[in-house]
1. Using a 10 Å cut-off around each Cβ, can you sort Glu23, Glu99 from fewest to most neighbouring Cβ atoms?
2. Remind me, what semi-axes does the range 47-139 give for its equivalent ellipsoid, largest first in whole Å, using sqrt of 5 times each Cα gyration tensor eigenvalue?
3. Tell me the volume per residue, in Å³, of the convex hull enclosing the alpha carbons of the range 5-196.
4. So, in nm, how far is label Val173 from label Gln124 when the simple model puts each one 7 Å beyond its Cα toward the Cβ?
5. Calculate, axis by axis, the spread of Cα positions in the range 92-155 along the three principal axes, and write the results as whole Å, longest axis first.
6. Starting from the amide H of Ala168, placed 1.01 Å from N in the peptide plane, find each other amide H under 5 Å away whose residue is 5 or more places distant or on another chain.
7. For a label point 7 angstrom out from the Cα of Thr91 toward its Cβ, which stretches of the range 47-74 have the backbone nitrogen within less than 19 Å?
8. Can you give the relative contact order of the chain as a percent, counting alpha carbon pairs under 8 Å and 6+ residues apart?
Amino acid sequence: MELNKSTTAFLACHFENDVVGAEGAFAPFFRAEIERRGVLDVAKRLVDGARSAGVRVVYTRVAFQEGHSDLVTNIPLLGVVAQQGSLLDRTPAAEIVDELKPEADDWVVTNPKVSAFASGDLDQRLRGSGIDTVVLFGVATNISVESTGRSAGDLGYRVIVVEDACSAAAPEVHDATIASFGLLGEVASADEILAAL
């Protein structure tokens, strides 16, 4: 695998307290697999490696305004957000977990949709920086990671999903997404990605 450091960005998807945190609103869905797979440790290796290589690190967050006034519940999962009152912007619940705190040069991109490319300026910012390749990882594999990866592919980016830095609610759900994503982009391990840097 080859990566051009100047045209690649690492997209760390939805590593927010409410999504991946031990006490987060979605912990009953996702936390057991995050821990079993060691996703936070692998993600930390990736963002540290990217920074050391001078590669752009982007954190994507889904978050909503007070009262969830910008929440559209056309997607059942977002209906759960409304019921729980979770993922409120400017609260600890929507902040990136301590294990993966953004640094000064990292971007944090927020929007109220499942895909990081929907209803935001991520595409414009990446293109403005000459980025043509996105290395994608996060939680959940079959929701935000897949949706973001599909959007990125449709927009013309080279998309690489880091298999061991993702997880879903159950192993078989993660595996099914990874199996199908090989037809839409590339799938690699964290070791392969870091070696390419």
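Read-outs throughout are calculated quantities, based only on the coordinates presented, and are distinct from any laboratory measurement. Since the structure is predicted, the reported quantities are computational estimates derived from the model, not experimental observations. Note that we place each Cβ from the backbone using ideal geometry, even for glycine, and neighbour counts take in every protein chain shown.
1. On the way: Glu23 9, Glu99 12.
Listing Glu23, Glu99 from fewest to most nearby Cβ atoms yields Glu23, Glu99.
2. Details: eigenvalues 135, 49, 24 Å².
Taking √(5λ) for each Cα gyration eigenvalue gives 26, 16, 11 Å.
3. Working: hull volume 20.9 nm³, N = 192.
Spread over its residues, the Cα hull of the range 5-196 gives 109 Å³ apiece.
4. If labels sit at Val173 and Gln124, their model points lie 3.4 nm apart.
5. Result for the range 92-155: principal-axis Cα extents of 32, 28, 20 Å.
6. Thr141, His174
7. Within reach of a label on Thr91: 61-73.
8. Working: 367 pairs, mean separation 57.1, N = 197.
Once normalised by length, the contact order is 29 percent.
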